[in-house]
Amino acid sequence: MIDQINMVSGFLGRGKVVSFYAPMTCEACDVEMNQLFEVADVRKTGKLPEVKCPKCRKAMEVDDLEEQYLLFVREQ
């Protein structure tokens, strides 16, 4: 859904995204998962809050270009 919001201008109409799932991956142990984020938290820093891998506890990364993935946050 986030990909569609980022690609299609006006996709949300008058709607707003308040939370969203982002695909996260751990490069250390190859764990993948979807993590829920609140838009308000992302707006504070302009980045996704750190997520620790449930297996190895290292920092996970979004499985996409973070700046591109978060375009919708700046445009709301």
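Of the numbered criteria (1) over 13 Å from the mean Cα position of the chain (by Cα); (2) touching a residue at least 60 places away in the same chain (Cβ under 8 Å), the one PHE72 fails is (1).
Scanning region 3-33 for residues that are open to solvent by 60 Å² or more (accessible area, probe 1.4 Å) and within 11 Å of the chain's Cα centre (by Cα) turns up ASP3, TYR21.
The values are calculated or read from the model by the stated rules, or taken from the named source; none is laboratory data. In this text, all values refer to a predicted model and were calculated from it rather than measured experimentally. Please note: Cβ atoms are built from the backbone with ideal geometry, for glycine as well, and neighbour counts cover all protein chains shown. Keep in mind that these areas ignore ligands, DNA and RNA; they rest on the heavy atoms of the full protein, side chains included. Shrake-Rupley method; radii C 1.70, N 1.55, O 1.52, S 1.80 Å.
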